[in-house]
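One structure is given below, encoded as structure tokens.
The values are calculated or read from the model by the stated rules, or taken from the named source; none is laboratory data. A quick note: this is a predicted structure, and the numbers were derived from the prediction, not measured. In this analysis, Cβ positions are derived from the backbone assuming ideal geometry, glycine residues included, and neighbour counts consider all displayed protein chains. Calculation scope for accessible area: heavy atoms of the full protein, side chains included, ligands and nucleic acids excluded. Shrake-Rupley method; radii C 1.70, N 1.55, O 1.52, S 1.80 Å.
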Amino acid sequence: MALDSKIPGGPIADKWDRHKFESKLVSPANRRKFTVIVVGTGLAGGAASAALGELGYNVKTFCIHDSPRRAHSIAAQGGINAAKNYRNDGDSVERLFYDTVKGGDYRAREANVYRLAQVSVDIIDQCVAQGVPFAREYGGLLDNRSFGGAQVSRTFYARGQTGQQLLIGAYQSMMRQVEAGTVELFPQREMLDLVVIDGKARGIITRNLVTGEIEKHWGDAVCLGTGGYGTAYYLSTNAVNSNVTAAWRCHKRGAYFANPCFTQIHPTCIPVSGDHQSKLTLMSESLRNDGRVWVPKKHADTRKPDQIPEDERDYYLERRYPSFGNLVPRDVASRAAKAVCDEGRGVGETGLAVYLDFGDSIRRLGEDTIRARYGNLFDMYEKITDENPYKMPMRIFPAVHYTMGGLWVDYNLMSTVPGLHVLGEANFSDHGANRLGASALMQGLADGYFVLPYTLAHYLASTPLPKVTTDHPAFAEAAAGTQDRINRILAVKGDRTPREIHRELGKLLWNKVGMGRTAEGLQEALARIPAMREEFWARVAVPGDANNVNKNLEYAGRVADYLEFAELLARDALERRESCGGHFREEFQTAEGEAQRDDEQFMHAAAWEFHGVGTTPTRHVEPLQFEHVKPSQRSYK
Amino acid sequence: MSRRPGFLSSSVGTKILIAITGLLLFGFLIGHLVGNLQLLAGDGGKAFNIYAYRLERLHYLLYAIELGLIAIFLLHIFKAVSNYLGNQHARPQAYAVKKPAGHTSQKSLASTSMILSGLTVFVFVVLHVRMFKYTPAEMLPTGEGTEMRNVYQLVVDAFQNPWIVGFYVLAVSLLGLHLSHGLASAMQSLGANAPGWTTRAWATGRVIAVVLAAGFAALPLYMFFAF
Amino acid sequence: MNLHLKVWRQAGPDTQGRLVDYEAQNIHTDMSFLEMLDVVNEDLIKKGEDPIAFDSDCREGICGTCGCVVNGVPHGPDRGTTVCQLHMRRFKDGDTIVIEPWRARAFPILKDLVVDRTALDKIISAGGYTSINVGAAPDGNAILVPKEASDEAMNFAACIGCGACVAACKNASAALFTSAKVSHLALLPQGQVERDLRVVAMVETMDAAGFGACSNEGECEAVCPKGIKIEGIARMNREYLRASVVPRPMPQGAFAG
Ligand SMILES: Cc1cc2nc3c(=O)[nH]c(=O)nc-3n(C[C@H](O)[C@H](O)[C@H](O)COP(=O)(O)OP(=O)(O)OC[C@H]3O[C@@H](n4cnc5c(N)ncnc54)[C@H](O)[C@@H]3O)c2cc1C
Ligand code: FES
């Protein structure tokens, strides 16, 4: 199947407006006749449920948590971008568009990014009206800060809890619709399959995580906002229940998976302390505004940081990137940290860490100012590491954080399975090969509040959707398949825990498909993953039954999917023989060690078609055109 | 006056009602204490007896006040007890181990024994009223051609009995305990608390409670030791 | 270090539970409390026994998924900390730790340490929002909000809905949770229009869900991982009183049901 991105014609600035005008509408009286399934209640799914409910559709919303308010979006700290130009510092829709395309290393679709920048301004208005307590100035206006090295201050924030506040805003709006009866909520449900009838997405199969029941739900369209797949690496900044399961099962039902190798490694996380560790904690990017990153010049220097004199420290980011210094984009900062640790200059017990030093800023601004800016982050650091960052530099190390790849969608956010729409981090669309800080929240809410309500209406109004019920054989088939998979997991009764296997997979991916990738390493990963998968199905241990709360069973199912998905991740990385954004192939770098893109051959999105576990998938390409932002070598020197 | 007639039946409304009745009773206690301090006037009970006589002369007004007080008292008790029973319902299975959280918590002996201290005070009040209001007393001339009860003597006599004194001191101590949580709690229930004021409100409530209890306890002790 | 655990095990909502003894061995001081439980569970799984069911997700103290009563205190001994952020260096070798689920009529136990907190969602759906449809919002800076009001609103909006306040309260009251949302919205201009309807509807829903009344002890504030203050409860009471007695028309709105 050829990929049709359905980008509307006309000048880029008018595409979205024109598209909205040309889209078909569903009249208010007809909306309640349509049932829309929304999976996920993060910013994307929560916003979509609220918006669709307000319009009057009959919405059924699912999440794995006990409350929709707990979706992983809640953990976002730093902020959300919007081209409001409240600061009069030269920001505009064009500039946000330009920064996002460039930041994504020219691997995102221009039209999508432009639309994202356009609706960004409406998001802030919407959230303020919901009562999101964004930070304010003394005059009562909204405050902004510069984030992740942006040269304008366009980031809106609510203390260090922006994601929480935005999510609660979306959640509250959605709960209002629950009360109004337009949204029916199904918490504690894990989507385990997509039901496709006559080539269209018409329902899902879920497992009730409390009773274990396998349930069938029908709808006229399915919207997936199930988040990213960062936990494939076992250790990441993602919540421990984040998973690829929903997206992966859709992939198995025909939705192409695009650019899985575009994963983002965040440079400022608390380093790993031991094998027991279950997740990594992000230290907000904003810390780099006032902290200086360094390692000792000497190899394997075991002195305490305060005993290392100034001239024996290597402020390597400031040295290598004089103009951006400590504020280079995430991928660049992460790779630089890896490079110095690979040289043997890493610090801490494991040698896998670099210093983030606030000494200078504390001397310059005073401890109180630093406390006011980062107090909660410093407290969190101290809680976890038992070290006082006001006295000792923080130790940080990169960690898997975000996944730019995801299910392929067209301009309408529809996947290659008609009717299956994909929103938020679960899709591949707007960030190319690297996401800028504070842009994921923007995208999730843009998709949910402002894009999907239009594009979904067009789909519903223009597609014949004969009535189906859950009695259709396709539902029985999918439910039986799901049940069978669960039975098979329970039947193994082996001796290895899902966590052990997951940890092993994570280590492999981190080492071979992590910050620096080589053809050789990727081949090795591709050889080892099927073996791990076999081991899982021969040796996994899942005690207990399927008919009540069984967290280990849920987990095992997710690990099983990761073991299939990981192969695609490695394969995509192998096939993309260039370095761009978060995807760094060591064979392809400039003389200075920077990522070397190959626009000639790889200026495209790669979308994979599934043919069966263990069978080589087909790689389709969607060529990308850059008419407005001319591709250039990213330079932060 | 209310635009939601049933508002006092919700959990918040109940607490508001308990707070209002509690504060009214507190107001009565202050008046009562001020009046009783005349026992210490050192005039052989004259001032106190006249004070008691004047109150009685209010006749119907006094009955009305008394009825009002009884109603407020009973309402306070009824609401508090039913609230207490309802609250027991909210946690059917107790913790195997439960500890006070400390930190900013205002949990105290007082807060955990409100029902007990309250009910003890109730029993005390019944006995107290019987002892002084409905016990026959010697009649004295008022000097205006009428007679009044020598309540003062009743009090002096009663407080020669160490058991009675002990019971009184115990009861007013419990009353103090009750108020040491109740006063600040009532303000909180009525919404009269602002950021930064909680600790101060609780401290003030406790001081007032101690002063009041000490005032009431001083009377029997004084009578016991002075005569 | 090694620890003795006494963990509440309960197979399902309708079965009888009990405290069961476990030994947690070779526990690293850098582990979080939940990572310690992970270790215990890994052992149980290997022995073919049903692992201890407990809930968690973000493991960094923001999602509100985790929660259990550790030695009699919800979320354990550290102030302003969820149990996922509690670290084992807080304990000593040989300690006995009793671990129980949140206990409240409104939070039925689903299994072991996992409880159903849907009642909190019901309270929000009764009125914890502003009735604003997507697309209808005025510019974000059209209404000025004093910084103090916004900061104070944020203090209350920080609630993570974990339910520790209910677990700590001797009456299993949800007053702190409800008041946090009432206060958050009452402090902002955007929340003014519906403030009367909101507080009444939320209080009534809270009562109907089977939570007890507030006894103003403040145990909730002391265990709240986000340090939500009981002044919020005072504000809720004030809002409620105002909504009930100040004469103004009381329309039958979306909240009324
Ligand atoms: C620590 C951290 C900090 C971040 N900080 C920022 C920041 O400052 N700015 C920024 O812009 N971005 C930030 N991000 C990224 C951003 O938070 C996420 O990309 C974004 O919130 C994803 O939202 P989402 O709605 O797509 O998915 P999620 O919020 O992950 O929601 C997924 C939903 O799907 C449900 N779900 C998952 N699987 C299933 C299934 N199988 N069946 C049913 N339901 C399922 C879940 O219950 C959940 O409701 C941060 C991310 C992390 C990890
Ligand atoms: S797991 Fe999210 S708060 Fe503890």
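With respect to the conditions (1) open to solvent by less than 10 Å² (accessible area, probe 1.4 Å); (2) touching a Phe, Trp or Tyr at 6+ places or on another chain (Cβ under 8 Å), residue A:272 falls short on a single one, namely (1).
Is at least one residue of segment A:242-262 under 26 Å from residue A:377 (Cβ atoms), within 16 Å of ligand 2 (Cβ to nearest atom) and either at pLDDT 95 or above or surrounded by fewer than 24 Cβ atoms within 10 Å (Cβ to Cβ) (or both)? Looking for residues that are under 26 Å from residue A:377 (Cβ atoms), within 16 Å of ligand 2 (Cβ to nearest atom) and either at pLDDT 95 or above or surrounded by fewer than 24 Cβ atoms within 10 Å (Cβ to Cβ) (or both), one finds at least one in segment A:242-262, hence yes. For segment A:598-637, name all the residues that are of a type in the set (A, V, I, L, M, F, W, C), crowded, with 18+ Cβ neighbours inside 10 Å and in contact with a helix residue (DSSP H, G or I) (Cβ under 7 Å, 6 or more places away or on another chain). Correct list: A:606, A:608, A:610, A:629. Just one of the listed residues (B:114, B:187) is under 28 Å from residue B:13 (Cβ atoms) and open to solvent by 50 Å² or more (accessible area, probe 1.4 Å), and it is B:187. Only one entry in A:192, A:141, A:166 is aliphatic (A, V, I, L, M), within 16 Å of ligand 1 (Cβ to nearest atom) and more than 16 Å from residue C:134 (Cα to Cα), namely A:192.
Residues being of a type outside the set (Lys, Arg) and more than 16 Å from ligand 2 (Cβ to nearest atom) are represented in segment C:84-91 by at least one member. Checking each residue in segment A:143-159 for being away from chain C (no Cβ under 11 Å) and of a type in the set (Lys, Arg) picks out A:145, A:154.
Within segment C:56-78, work out how many residues are in contact with an Asp or Glu (Cβ under 7 Å, 6 or more places away or on another chain) and not hydroxyl-bearing (Ser, Thr, Tyr). The qualifying residues number 4.
When segment A:178-199 is filtered for residues that are open to solvent by 10 Å² or more (accessible area, probe 1.4 Å) and either of a type in the set (S, T, N, Q) or within 11 Å of chain C (Cβ to nearest Cβ) (or both), the ones remaining, listed by number, are A:178, A:179, A:180, A:181, A:182, A:185, A:187, A:188. Would you confirm whether or not segment A:548-563 contains a residue that is acidic (Asp, Glu) and under 21 Å from residue A:435 (Cα atoms)? No, there is no match, as no residue in segment A:548-563 is acidic (Asp, Glu) and under 21 Å from residue A:435 (Cα atoms). Out of the residues in segment B:13-22 that are touching a residue at least 12 places away in the same chain (Cβ under 8 Å) and within 14 Å of chain C (Cβ to nearest Cβ), state the one that is nearest to the chain's Cα centre (by Cα). Taking the candidates together, the pick is B:22.
Going by the structure shown, is residue A:50 closer than 30 Å to residue A:629 by Cα, open to solvent by less than 30 Å² (accessible area, probe 1.4 Å) and within 14 Å of another protein chain (Cβ to nearest Cβ)? It is false that residue A:50 is closer than 30 Å to residue A:629 by Cα, open to solvent by less than 30 Å² (accessible area, probe 1.4 Å) and within 14 Å of another protein chain (Cβ to nearest Cβ). Out of all the residues in segment B:197-206, which are open to solvent by less than 70 Å² (accessible area, probe 1.4 Å) and facing chain C (nearest Cβ under 8 Å)? Once the filter is applied, which keeps residues that are open to solvent by less than 70 Å² (accessible area, probe 1.4 Å) and facing chain C (nearest Cβ under 8 Å), segment B:197-206 yields only B:198.
For segment C:57-101, give me each residue that is closer than 26 Å to residue C:213 by Cα, at the interface with chain B (Cβ under 10 Å from one of its Cβ atoms) and in contact (Cβ under 8 Å) with a residue 60 or more places away in the chain. Hits for segment C:57-101 are C:69, C:73, C:74, C:75, C:79, C:80, C:99, C:100, C:101. Here the helices (runs of 4 or more DSSP H) wholly within segment C:166-257 that include at least 3 residues being more than 7 Å from chain B (Cβ to nearest Cβ) are C:175-186, C:195-208, C:231-245.
If I ask for residues that are over 14 Å from residue A:266 (Cβ atoms), open to solvent by less than 10 Å² (accessible area, probe 1.4 Å) and either in contact (Cβ under 8 Å) with a residue 60 or more places away in the chain or polar (S, T, N, Q) (or both), which ones from segment A:319-337 would you list? The answer is A:321, and nothing else. Test residue A:549 against the stated conditions and say whether it is of a type in the set (A, V, I, L, M), assigned to a loop (DSSP other than H, G, I, E, B), crowded, with 19+ Cβ neighbours inside 10 Å and touching a Phe, Trp or Tyr at 6+ places or on another chain (Cβ under 6 Å). Answer is no for this residue. How many residues does segment A:612-624 hold that are free of Cβ contacts under 8 Å to residues at least 24 places away in the same chain and within 20 Å of residue A:427 (Cα to Cα)? Residues that pass the stated criteria total 2. Quick check on segment A:31-42. Is at least one of its residues buried (at least 24 other Cβ atoms within 10 Å of the Cβ), within 12 Å of chain C (Cβ to nearest Cβ) and touching a Lys or Arg at 6+ places or on another chain (Cβ under 9 Å)? Yes.
Within segment A:444-464, if we keep just the residues that are open to solvent by 10 Å² or more (accessible area, probe 1.4 Å) and assigned to a helix (DSSP H, G or I), the residue that is farthest from the other protein chains (Cβ to nearest Cβ) turns out to be A:462. Taken over segment A:79-133, the criterion of being part of a helix (DSSP H, G or I), within 14 Å of another protein chain (Cβ to nearest Cβ) and hydroxyl-bearing (Ser, Thr, Tyr) is satisfied by A:120 alone. State whether the residues of segment B:87-99 include one that is under 19 Å from residue B:174 (Cα atoms) and either in a helix (DSSP H, G or I) or within 14 Å of another protein chain (Cβ to nearest Cβ) (or both). No; the residues of segment B:87-99 include none that is under 19 Å from residue B:174 (Cα atoms) and either in a helix (DSSP H, G or I) or within 14 Å of another protein chain (Cβ to nearest Cβ) (or both).
When restricted to residues that are within 20 Å of the chain's Cα centre (by Cα), within 14 Å of another protein chain (Cβ to nearest Cβ) and away from ligand 1 (no atom under 12 Å from the Cβ), segment A:201-234 contains 1. For segment A:275-289, does any single residue satisfy the condition of being assigned to a strand (DSSP E or B) and within 15 Å of ligand 1 (Cβ to nearest atom)? Taking every residue of segment A:275-289 in turn, at least one turns out to be assigned to a strand (DSSP E or B) and within 15 Å of ligand 1 (Cβ to nearest atom). Among the criteria (1) of a type outside the set (Ser, Thr, Tyr); (2) on the phi > 0 side of the Ramachandran plot; (3) within 16 Å of ligand 2 (Cβ to nearest atom); (4) touching a Pro at 6+ places or on another chain (Cβ under 8 Å), the one residue C:115 does not fulfil is (2).
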